[in-house]
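What follows draws every value from the coordinates through simple rules; no lab data is involved. Since we're looking at a predicted model, the values are computed, not measured. Cβ: placed from backbone, ideal geometry, glycine included. Neighbour counts: every protein chain shown.
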Amino acid sequence: MLHQPIEPVPARTTERVCEVAWFSDLCGEDTEFLSIRDPERSTFAHCRNIALTADRLGFSNLLLPTSYMTGQEVIPFAAGVANDLRQISLLTAIRCGEMHPPMLARTLASLDHMLKGRLTINIINSDLPGYREEGVLRYQRCAETIQILKQAWTEERIEHDGLVYGKIFLSTDPVKPYQQNGGPLFYFGGTSPGARDVCARYCDVFLMWPETEELLYANMQDVSERAARYGRKVDFGLRIHVIVRETEAEARAWSRHIMSKFDPVRGAALKNASQSSWSLGVLRQNELREHADTEGYVEPLLWTDIGKTRSGAGGALVGSADQIVEKINRYVDMGMRAFIFSGYPLIEEAEWFARLVLPRLPNASLARLQGRIPA
């Protein structure tokens, strides 16, 4: 762990706040026992209940993932629940290349109006389902997609000439979003230098997966330095699972409970089903787990066994309310401004977190702080 005092990495949001988000697993991985799927938890009704619960409990944002797996697709799901939500934003995962960028701009603008500005975008740079693509192509496609979206939402015309999408010349009248100060915020995660450069140049929030404090801090410094070379600053966020109880012993007991029916063969099959298990980020999560102790911890509170059965974020904070609050405050002191939490099962763990931790955090919407939507 880092030693105090921590010199914060320069962040775009200067206030000492954090946007506290929850997660609605549209991809069929919500369960009580890791490596065992529960089909009833991948339905529209169940995923909607997660969204409504997070909205009621006071989370600022809700991540909606995308994956070619059994479950719900992001944009139709977000549109389907938009009118039921009262205050929470939706962090919609958009994989670049799946939709022609001008039409994507129009689709997202429509969704932004449905949500009255409570829309944020998680840019996904991964391979298109069924393909294994070169990184250079993905980074170029991702950069061009963001360029077109930004033009669509802030300029009078889209004037684009790129390697992937060629020449586009269109009026932007049909694609104006509800958020008039730049459109929705862009959140972005990536491990490779090319991905980080895209984030530093174009995006608003750099999202990380679980790492030790030293590695998280180094990642933040790297992206901050890249952004500075473009005359920019970005905010930093962490996507991580959490198990919080009144005591550490109770939290650890629940971690053993959700692993009590774990089957390594079935877990590996579920992990590979996401078609992203070969990505550099997932491989890094696997490497992190190799340094864990016999109970799966790589540093105090950071438990990594979740990565044995799921692609993506492979670690969880496990501890008492006091421990979790202290840990999150350490991250905030490092310069983090956004957190996306989840737990197994999602609704029950949201209740635990909202009761024991959420009231003790400086929870705020980054979009509101940056003037994208009215306070």
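Taking amide H atoms as placed 1.01 Å from N in the peptide plane, the amide H of Leu238 lies under 5 Å from those of Met208, Ala338, Phe339, Ile340, each 5 or more residues away in sequence or on another chain.
Counting only alpha carbon atoms, the long axis of helix 280-290 and the longest principal axis of the chain meet at about 10°.
Ordering Val175, Leu369, Ala21 by Cα displacement along the dipole of the chain toward the positive end leaves Val175 in first place; charges were set at the Cβ atoms of Lys, Arg (+1) and Asp, Glu (-1). In the chain, the longest principal axis of the Cα atoms and the axis of helix 248-258 are about 70 degrees apart. Sorted ascending by nearby beta carbons within 10 Å, beginning with the fewest, Thr309, Thr145, Thr172 become Thr172, Thr309, Thr145.
Taking the helices alone, the chain has a mean residue ellipticity at 222 nm of -12000 deg cm²/dmol, built from -39,500 (n - 2.57) per DSSP H run of at least 4 residues and averaged over all its residues.
Rounded, prolate or oblate for segment 85-187? Axes are the square roots of the Cα gyration tensor eigenvalues, ordered a ≥ b ≥ c, and the cut-off for rounded is a/c under 1.5. Verdict is oblate for segment 85-187. In the chain, the longest principal axis of the Cα atoms and the axis of helix 44-57 are about 80 degrees apart. Taking a sphere under 12 Å around the Cβ of Arg95 and counting the other residues whose Cβ falls inside, with K and R at +1 and D and E at -1, yields a net charge of -2.
Relative to one another, the C-alpha centroids of segment 100-143 and segment 58-73 are positioned 14 Å apart. Approximating the spin labels as points 7 Å out from Cα along Cα→Cβ, the Glu326-to-Arg355 distance works out to 2.3 nm. The distance from the alpha carbon centre of segment 236-251 to that of segment 339-369 is 10 Å, rounded to a whole number.
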